[in-house]
Amino acid sequence: MKPGKFVLHGAVAASVVAAFVSVPAYAQSVATSSSSKGKLHLLPATLETTQWGWFDNAQPPVLTIDSGDTVVLETMMHSHNQVLPGKTIEEIKKLRTDHPGRGPHTVTGPIYVNGAEPGDVLRVQLNKIVPRAYATNFNVPGMFGQFPKEYVDGQVKYVYLDLDKKTAEFLPGVYIPLNPFPGTLAVARKEPGRYSSVPPGDYAGNMDIRDLTAGTVLYVPVHVPGALLWTGDSHAAQGNGEVNLTALETAYKEFNITVSVDKNMKLDMPRIETPTSWITMGFDQDLNKAWDGARDQTTKLLGELFKQSPEQAATQMPKLSDCRVSQVVNIKKGIHCITSKDPKRAEDMERPTKETAKYYVSHVADADLNKAMDGASMGMIKWLESNKGIARLDAYGLASVAMDCRVGKVSDTEKNVHCLMPKSLWQTPK
C-alpha cells in the first residue's frame, strides 16, 4: 500500500483540516493560501505510519515533502498506544521485557524531505502542539530510571491534562504547569540497520529537552538523503533530569511543524533556537563526558555569536550560559546549555544551595558529576518524603515531572548540581 496524496483548495481544504483525526489514508497534502509558503500535509498516526521503538535509515518514508512545507501530524502513546488508563505497571513492564532491544516510544514517520543531503542541516520549526486530554507517569519496577536498585517496586499514575488551565493535578493540591514538547524528534542515523529509539545523539532523537516547545526551532545535521524525520515520546511536562524514567507522557492530537533544508549552516550536533536564546547540548553514558560535550558545543556557539576565540568563549560561558541536566535515563545522559542571543542579558543563573522564597533546594558537590546528580536528586526525593509527607513512589514521580536540576560551578576537583523544586506547585484549590 502506497501513501495516498490529495491536493485540495479553499473551503474543501479547510474542511479536511478540521476533520483531520478521521482521515483514514496514510497522509494528505493540502494546498495553502497564496500568502503562505509551501504545502500543508496531514499525517495521522496509524500502524502504517509509525514504528514502535526503533529507527532504521532504510525504512520507506510514509510522507514526502518539499523544503518549506508544513506537516500537521499526530503521535501515539508508547508501545503502539498500549499504555492507556487502566493498564497496570505489571502490564507496562511486560511490554518492555517481551520486546527487548527496542525502545518504548511510538514514533510517527519517517518523513522524506526532498533536497536534503548529508552535510545539510534540517530546520524544524515547531508551530503548535495540542496534547490529548490525559498523560501518564510511571517507573518500571527494578528497571531503568536513575535509581532502579532503590525502586524495585513500581507504579503508574494517570492524570487529567486541563488544557484550559494548562495544569495537571499530579497529587492532591500539587499542580504541574503544562509545557508540551516532543521528547523525541529525530533524523535518521548515518549507520545502517535498526536502532533503539532510546539513546539520543548527533541525529537528535530522544533528547528530552523540555525547552523544545512551540515557538522554537530544532536544527539537526542530515546524515542520509531525505533526512528521514520522526517524532514521538510526546510530553506534556517534564522535570530537568526525568529521574524516574518518564515525564508526563502523552500523545499529540496536533503537532504542527514547518520543515526546511539549510544548505549553508554547518553543524556536527543539534541546536535549538528560542526567540531569545540558543541551546546547545552534549550526550554520553557518563554525565561528566556529556558535560564536556555541552561545554564544547557552547563555547563553539559563543565563538560564532560574539566572534570570540575559544579561550575567550570558555571564559564567558559561566557568565552567559545556563546549563541544566536534561535527563539521566536514556542510556546516554544529557546536558543542555541555554545561551542568550544578547550578551547583556544573561539567562537564569540562580544556583541556590538552600531554600529560597521560590524554591525548595537540594545541592551536592562532588568530583564526579554523576555522583553529584545522584546525590542532589535523591536528596530532593527524600526531602519530599520527609518534609511534605509524600509517599516514596509519588516523590520519585514528582521529582521526575517537576524537579529542575541545574549544573553549577564545574572544575576538575568539584562539580556542583542544584536540584530545585518550585514552591508554586503547591496550591490551595479555590
Next item on the list: Using a 10 Å cut-off on Cβ atoms, rank the peptides 193-200, 289-296, 397-404, 114-121 from the highest mean neighbour count down.
Entry: 397-404, 289-296, 193-200, 114-121
Notebook entry, point to check: In the range 164-239, with Lys and Arg counted as +1 and Asp and Glu as -1 at Cβ, which of these residues, Val187, Ile176, Thr213, has the Cα nearest the positive end of the dipole, that is, farthest along it?
Noted result: Val187
Notebook entry, point to check: Dipole size in debye (nearest 20) for the range 242-351 around its Cα centre, Lys and Arg Cβ +1, Asp and Glu Cβ -1?
Noted result: 240
Notebook entry, point to check: What is the distance, in nm, between label points placed 7 Å from the Cα along the Cα-to-Cβ direction at Asp162 and at Met143?
Noted result: 3.5
Check: Using unit Cβ charges (K, R positive; D, E negative) and no other charged atoms, how large, in debye to the nearest 20, is the dipole of the chain about its Cα centre?
Finding: 520
Item checked: the range 167-243 and the range 38-78: distance between their alpha carbon centers, rounded to Å -> 15
Next item on the list: In whole angstrom, note down how far apart the Cα centers of the range 271-328 and the range 351-367 are.
Entry: 22
Check: Between Lys382 and Ala314, 0.36 nm times their residue separation minus their Cα-Cα distance comes to what?
Finding: 20.9 nm
Next item on the list: Enumerate the amide H contacts of Lys333 below 5 Å, restricted to partners 5 or more residues apart or on another chain; note that Pro and chain-start residues carry no placed amide H.
Entry: Asp284, Gln285, Asp286
Check: Between Met349 and Ser424, what is the FRET efficiency for a Förster distance of 25 Å, r being their Cβ-Cβ separation, to the nearest 0.05?
Finding: 0.80
Next item on the list: Output the relative contact order of the range 318-430, whole-number percent, from Cα pairs under 8 angstrom with separation of 6+ residues.
Entry: 27
Next item on the list: Amide H neighbours of Gly239 under 5 Å, at least 5 residues apart or on other chains, H built in the peptide plane: list them.
Entry: Val401, Ala402, Met403
Next item on the list: Name the shape class, rounded, prolate or oblate, that the alpha-carbon gyration tensor gives for the range 36-121, where a ≥ b ≥ c are the square roots of its eigenvalues, rounded holds for a/c under 1.5, and otherwise prolate holds if a/b is larger than b/c and oblate otherwise.
Entry: prolate
Next item on the list: Work out how much length Lys341 to Glu91 would gain on full extension: take 0.36 nm times their residue separation and subtract the Cα-Cα distance, in nm to one decimal.
Entry: 85.3 nm
Checklist line | Difference of contour (0.36 nm per residue) and Cα-Cα distance, Gln82 to Ile331 | finding: 87.3 nm
Notebook entry, point to check: In terms of Cα to Cα distance under 16 Å, which aspartates and glutamates are near enough to Lys190, apart from those fewer than 8 places away along the same chain?
Noted result: Asp56, Glu117, Asp120, Asp202, Asp268
Margin query: Can you classify the chain as rounded, prolate or oblate using the Cα gyration tensor, where a ≥ b ≥ c are the square roots of its eigenvalues, rounded means a/c under 1.5, and otherwise it's prolate if a/b beats b/c and oblate if not?
Written below: oblate
Margin query: Which entries of Lys289/Lys371; Lys289/Lys344; Lys354/Lys409; Lys354/Lys388 have Cα-Cα distances beyond 20 Å here?
Written below: Lys289/Lys344
Notebook entry, point to check: Ignoring ligands, DNA and RNA, what percent of the 1.4 Å accessible area of the range 193-322 is carbon and sulfur?
Noted result: 50
Next item on the list: Pull up all non-local amide H partners of Ser234: gap of 5 or more, or a different chain, and H-to-H distance under 5 Å with H placed in the peptide plane.
Entry: Gly183, Thr250
Next item on the list: Would you mind calculating the relative contact order of the range 44-154 from Cα pairs under 8 angstrom and at least 6 residues apart, reporting the percent as a whole number?
Entry: 32
Notebook entry, point to check: Rounded to the nearest whole Å², what accessible area per residue is found for the range 236-291 with the 1.4 Å probe?
Noted result: 29
Note to self: With +1 on the Cβ of every Lys and Arg and -1 on the Cβ of every Asp and Glu, and nothing else charged, how large is the dipole of the range 38-169 about its Cα centre, in debye rounded to the nearest 20?
What the structure shows: 280
Notebook entry, point to check: Classify the range 270-398: rounded, prolate or oblate, from the alpha-carbon gyration tensor (a ≥ b ≥ c, eigenvalue square roots; a/c under 1.5 rounded; otherwise prolate if a/b is larger than b/c)?
Noted result: prolate
Next item on the list: Output ³J(HN,Hα) for the range 375-386: one whole-Hz value per residue in order, computed from phi by the Karplus curve 6.51 cos²θ - 1.76 cosθ + 1.60 with θ = phi - 60°, and x for Gly and Pro.
Entry: x, 5, 6, 5, x, 5, 4, 5, 5, 4, 5, 7
Note to self: Using each residue's phi in the range 295-309, evaluate 6.51 cos²θ - 1.76 cosθ + 1.60 at θ = phi - 60° and report the 3J(HN,Hα) Karplus result to the nearest Hz, with x for Gly and Pro.
What the structure shows: 4, 5, 5, 6, 5, 5, 4, 4, x, 6, 5, 10, 6, 9, 6
Next item on the list: List, in the order given, every pair from Lys266/Lys341; Lys39/Lys128; Lys93/Lys332; Lys300/Lys358; Lys333/Lys382; Lys165/Lys341 whose Cα-Cα distance in the structure shown is over 28 Å.
Entry: Lys300/Lys358; Lys165/Lys341
Check: So which aspartates and glutamates can Lys253 reach, going by Cα to Cα under 14 Å and dropping same-chain residues fewer than 8 places off?
Finding: Glu74, Asp233
Next item on the list: Using label points projected 7 Å from each Cα along Cα→Cβ, tell me how many nm separate Leu47 and Asp292, to one decimal.
Entry: 4.7
Notebook entry, point to check: What are the ³J(HN,Hα) values, in whole Hz, obtained from phi via the Karplus relation 6.51 cos²θ - 1.76 cosθ + 1.60 with θ = phi - 60°, for each residue of the range 189-206 in sequence order, with x given for Gly and Pro?
Noted result: 5, 6, 6, x, x, 9, 10, 4, 7, 6, x, x, x, 5, 8, 6, x, 7
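The values are calculated or read from the model by the stated rules, or taken from the named source; none is laboratory data. All values derive from a computational prediction rather than experimental measurement. A quick note on method: Cβ atoms are made from the backbone with ideal geometry, for glycine too, and the neighbour counts reach across all protein chains shown. For the accessible areas, the whole protein counts, side chains as well, though only heavy atoms, and no ligand, DNA or RNA atoms are used. Shrake-Rupley method; radii C 1.70, N 1.55, O 1.52, S 1.80 Å.
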